[in-house]
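Here the structure comes first, spelled out in structure tokens, and everything after it is commentary.
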Amino acid sequence: PRLFAETPTNVTIEVIDVNDCSPVFSQELYEAAVIVPTYKGVEVIQVNASDSDSGPNAKLLFSISEGNIGDKFNIDPVTGIISIQNVTQ
């Protein structure tokens, strides 16, 4: 059946941004040194990134995806601060 109306009506259309831009770190390489002995919670370095998307697709959450053998480090998912997590040898 055909759709019709006796009177004009307003229709609201919401356009949602697509997550089409990859995040970019502010530096290509981050380097830091840890002086031992050290303690859990000591901040080592902070990483920064930005995303050209808008809205919720621009929100960044940091995580350590590989290389964290023995869970020695922790990264704050919001701030990007990397700190000592596990001090056992």
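Every number in this text was worked out from the coordinates using simple rules, so none of it is lab data. From a predicted model like this one, the values you see are computed outputs, not experimental measurements. Methodologically, a virtual Cβ is constructed for each residue, glycine included, from the backbone with ideal geometry; neighbour enumeration extends over all protein chains shown.
Charge dipole of the chain (Cα centre as origin; +1 on each Lys and Arg Cβ, -1 on each Asp and Glu Cβ, all else neutral): 260 debye, rounded to the nearest 20.
Considering only the Cα atoms of the chain, their convex hull presents on average a projected area of 10.5 nm².
For segment 1-69, the set of chymotrypsin sites (Phe, Trp or Tyr not before Pro) satisfying both a DSSP loop assignment and a count of at most 12 other C-beta atoms within 10 Å is given as F4, Y39.
Computed from backbone phi, the HN-Hα couplings of segment 81-87 come to 6, 9, 9, 6, 10, 10, 9 Hz, rounded to whole numbers (Karplus: 6.51 cos²θ - 1.76 cosθ + 1.60, θ = phi - 60°; Gly and Pro given as x).
Shown here for segment 19-84: GluC sites (Glu not before Pro) in loop regions (DSSP other than H, G, I, E, B) with at most 10 other Cβ atoms within 10 Å, namely E28, E31, E66.
For the pair I45 and S65 in one chain, pulling the backbone fully straight at 0.36 nm per residue adds 5.5 nm over the alpha carbon distance.
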